[in-house]
1. Taking 0.36 nm per residue of separation and subtracting the Cα-Cα distance, what length does fully extending Phe62 through Asn20 add?
2. Could I have the simple spin-label model distance between Arg39 and Asn7, label points 7 Å from Cα toward Cβ, reported in nm to one decimal?
Amino acid sequence: MNILTSNPTAAQLVARQTINDRVRDAEQRRVARAVRIQRRTEQDPQGPNTTAPTLPWWSFRFLRPAH
């Protein structure tokens, strides 16, 4: 038996602390994500590049016409 099974109050305190830590971490991640999104839109106001990336020359080497 450990301290958490013999002392339910301590178990509740640990659980509350863990929950509070996770909520705080999630809030920090949310703020950081918002800042990153804002910086990206400031750098490139048109948003992310939606066009397909150009393929390198060797990607066309094995293409055969379909006729």
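We did not get these values from a lab; they are worked out from the coordinates using the rules stated. All values reported here derive from a predicted model rather than from experimental measurement. No Cβ is skipped: glycine too gets one built from the backbone with ideal geometry, and neighbour counts run over all protein chains shown.
1. 9.5 nm
2. Label at Arg39, label at Asn7, 4.3 nm between them.
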